[in-house]
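Peer 1: I'd like to ask you about the structure that follows.
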Amino acid sequence: MTVTTSKYAPICEQPGCDRRLTVPGRTMWSDPGDYELDALRTYWQHDGDGRWYCPNHWHLTCRHCGRTAVGDPNRLTDAGWEVGFWTGHTCPECAGTH
């Protein structure tokens, strides 16, 4: 009898970035639920369509005007973006106007 185990190793979906999710003691996961928790705990972004982005390549879309930005969430916040995990993101131009 042959037993096959699926292994998961999330890689950033940003073109040109090959960063893999790593946490102390782990580089592969056998359960997607486990790597999803580890990814969220280490500031990876899930776009809702099955793609993951490392902490350097978050993808934001303004919920008001549709403007987009890619980058480190701290730098995007410093540039005026409001990062809303439950309410959506707001670009600097729309911040405070809605």
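Coordinate-derived values only; no laboratory data. Everything numeric here is computed off the predicted structure, so don't read it as measured data. For neighbour counting, all protein chains shown are included, and Cβ atoms are generated from backbone atoms with ideal geometry for every residue, glycine included.
Peer 1: How far, in nm, would the chain grow between residue 72 and residue 38 when pulled straight, counting 0.36 nm per residue and subtracting the alpha carbon separation? Spell out each step's value before the answer.
Peer 2: On the way: separation 34, 0.36 × 34 = 12.24 nm, distance 1.82 nm.
Length difference between fully extended and current span is 10.4 nm.
Peer 1: Determine the sum of side-chain charges near residue 73: Lys and Arg each +1, Asp and Glu each -1, restricted to other residues whose C-beta is under 14 angstrom from that of residue 73. Don't skip to the answer; put the middle values down first.
Peer 2: Working: positive: 75; negative: 47, 72, 78, 82.
Around residue 73, the charge tally is -3.
Peer 1: I'd like the orientation of helix 32-41 relative to the chain: the angle between its Cα long axis and the longest Cα principal axis, in ° from 0 to 90, rounded to 10.
Peer 2: Between helix and principal axis, roughly 40 degrees.
Peer 1: The list [x] 38, 27, 17; [y] 63, 22, 19; [z] 47, 31, 26 gives values of Cα extents along the principal axes in Å, and only one came from this structure; which label was calculated from it?
Peer 2: [y]
Peer 1: Lys/Arg Cβ at +1, Asp/Glu Cβ at -1, dipole of the range 7-72 taken about the Cα centre: which of 71, 24, 14 is farthest positive-ward?
Peer 2: 71
Peer 1: Any idea what the dipole of the chain comes to, in debye rounded to 20, about its Cα centre with Lys/Arg Cβ at +1 and Asp/Glu Cβ at -1? Don't jump to the answer; show the numbers that get you there.
Peer 2: Details: 9 positive and 12 negative charges, 26 e Å.
I would put it at about 120 debye.
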